[in-house]
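Bear in mind these aren't lab numbers, they're just calculated from the coordinates by the rules spelled out. None of these values were measured; they are calculated from a predicted model. Here Cβ is always computed from backbone atoms with ideal geometry, including for glycine, and neighbour counts include all displayed protein chains.
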Amino acid sequence: MIKPFMPQLVYIEPRALEYPLGKKLHDKFQQLGVEIRKTTSHNQVRDIPGENHLQKYRNAKSTLAIGLRKTLKFDTSKPSAEYAIPLATGCMGHCHYCYLQTTMGSKPYIRTYVNVEEIFDAADKYMEERSPEPTRFEASCTSDIVGIDHLTHSLKQTIEHIGKTKHGLLRFVTKFHHVDHLLDAEHNGKTRFRFSVNDDYVIKFFEPGTSRLEQRIEAARKVAEADYPLGFIVAPIYLHDNWKEGYEELFKKLDQHIPEKARKNLTFELIQHRFTKPAKRVIAENYPMTKLELDEEKRKYKWGRYGIGKYVYQNDEQEDIKETFQTYIDRYFPEAQIEYFT
Ligand code: SF4
């Protein structure tokens, strides 16, 4: 049973105490007896305990830094949204393939930003610029935001903020089932609540520290009952022995539990497993015993931005994945929409 995330060590920027959320978090952790250290910047936390890389990495994943988001220029977030809304960075999960391992480099600790009103002001400006076109914000580009939100409620506030706007839409994805506090948020149908799902093999071997599939599906059912538009991201789609059976089993389980009312407006996003050379090095360092197959020879090289290409499946394998998933989605969720395969 995955318990809701609770940090073992907290860092806080003194200025964060000037914000209601900063004060609330500080008082909460103080009451709980969690060690709180001061830091000049959430970007500068350097003294996480541990005698070697692995210990430091593990400890960082249970460390929370509370600070202010200074850059209020949002990154773009294709293909699923126009902008990434920055509420947190980092994740307590231990998925072996996670892209955060490379993007966060030497700072794998979790950061939460307490100047939420300033972040909302920036979001409002982006919406104004694009009005009357809708603007979609992705809240989980740099973290699993649901995994931390039971502590901060900043995602809940964002859902309600976007719920009141005319042209805003919000989306995020999670592998955690701690969703109860979000069920009564006034989302007004403007938030698409997505769950990242996979077959038993991938979850068992590569996704430690996250909620099990049954828990995610039960959370998805609750979210659907709360009238959120629902979506599933199957990522990474990973080819292993009997992958076709494994993934059909996944769709059968979803089919058994997802209520009828969520099916018309249901989306699927399909992302094949990929890796880069730098990611392969980092994975070997952080998860030295992983079974994850990262053999460049077996993959197709796809040129990427900034000269860092990635290794994806061969063309015939990609075709097989697309066809197989199309068949399963047609069979179990004929009204759902596949947003993309990448
Ligand atoms: Fe990365 Fe998502 Fe796993 Fe967290 S839950 S470690 S963000 S893949």
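Can you list the HN-Hα couplings for the stretch 171-184, worked out from phi with the Karplus curve (6.51, -1.76, 1.60; θ = phi - 60°), rounded to whole Hz and with x for Gly and Pro?
8, 7, 9, 9, 10, 10, 9, 7, 10, 4, 5, 8, 5, 9
Obtain the nm distance between the two label points defined at Glu296 and Phe205 by a simple spin-label model: each point lies 7 Å from its Cα along the Cα-to-C-beta direction.
2.2
First check a/c for the chain, with a ≥ b ≥ c the square roots of the eigenvalues of its C-alpha gyration tensor; if it is under 1.5, answer rounded, and if not, answer prolate when a/b is larger than b/c or oblate otherwise.
Values: a/c = 1.59, a/b = 1.20, b/c = 1.33.
Judged from the Cα gyration tensor, the chain comes out oblate (a/c at least 1.5, b/c at or above a/b).
Taking θ as phi - 60°, what are the ³J(HN,Hα) couplings along the stretch 100-113 by the Karplus curve (6.51, -1.76, 1.60), each to the nearest whole Hz, with x for Gly and Pro?
My calculation for the stretch 100-113 gives 5, 4, 8, 6, 9, x, 7, 10, x, 6, 9, 10, 10, 10 Hz in order.
With n ≥ 4 as the cut-off for DSSP H runs, can you work out [θ] at 222 nm for the chain, using -39500 (n - 2.57) per run divided by the number of residues, rounded to the nearest 500?
On the way: 11 runs with 122 residues, N = 342.
Value at 222 nm, helices only: -11000 deg cm²/dmol.
Compute the distance in nm between two label points, each set 7 Å from the Cα along the Cα-to-Cβ direction, one at Arg281 and one at Arg15.
3.4
What residues qualify as long-range amide H neighbours of Asn115, i.e. H under 5 Å apart, gap of 5 or more or another chain, H built at 1.01 Å from N?
For Asn115, whose amide H was placed from the backbone, the distant partners under 5 Å are Arg69.
Out of the stretch 262-342, which GluC sites (Glu not before Pro) are coil in DSSP terms and have no more than 16 other C-beta atoms within 10 Å?
Glu293, Glu335
Grab the beta carbon distance between Thr342 and Asn188, set R0 = 30 Å, and tell me the FRET efficiency rounded to 0.05. Could you put the intermediate results ahead of the total?
On the way: r = 30 Å, r/R0 = 0.99.
Here the calculated transfer efficiency is 0.50.
When ranked by the protection proxy of mean other Cβ atoms within 10 Å per residue, highest first, what sequence do the peptides 182-191, 69-78, 83-92 form? Spell out each step's value before the answer.
Numbers: 182-191: 17.3, 69-78: 12.9, 83-92: 23.7.
Peptide ranking by packing, descending: 83-92, 182-191, 69-78.
Of Arg274, Arg171, Arg305, which is the most mobile in a GNM of the chain whose springs link Cα atoms less than 10 angstrom apart?
Arg305
Taking R0 as 35 Å, what FRET efficiency do you get between Ile36 and Glu260 from their Cβ-Cβ distance, rounded to the nearest 0.05? Before the final figure, lay out each step's value.
Details: r = 48 Å, r/R0 = 1.36.
The formula returns an efficiency of 0.15 here.
So who's got an amide H within less than 5 Å of the one on His42, skipping anything under 5 residues away but keeping other chains? H placed 1.01 Å off N, in plane.
Leu68
Cα centroids of the stretch 310-342 and the stretch 41-61: how far apart, whole angstrom?
Cα centres, the stretch 310-342 to the stretch 41-61: 39 Å.
Cysteines without a disulfide-compatible partner in the chain, using Cβ under 4.7 Å as the rule?
Cys91, Cys141
Can you work out ³J(HN,Hα) from phi for every residue in the stretch 206-220, in order, using Karplus 6.51 cos²θ - 1.76 cosθ + 1.60 and θ = phi - 60°, giving whole Hz and x for Gly and Pro?
With the stated coefficients, the stretch 206-220 comes to 10, 10, x, x, 10, 5, 6, 4, 4, 5, 5, 5, 5, 5, 5 Hz.
Residues with amide H under 5 Å of Ile338's amide H, sequence separation 5 or more or different chain, H placed in the peptide plane at 1.01 Å from N; which?
Phe268
On a 28 Å Cα-Cα criterion, which of the cross-link pairs Lys56/Lys277; Lys61/Lys125; Lys156/Lys291 come out too long?
Working: Lys56/Lys277 23 Å; Lys61/Lys125 33 Å; Lys156/Lys291 37 Å.
The pairs that break the limit, which is 28 Å between Cα atoms, are Lys61/Lys125; Lys156/Lys291.
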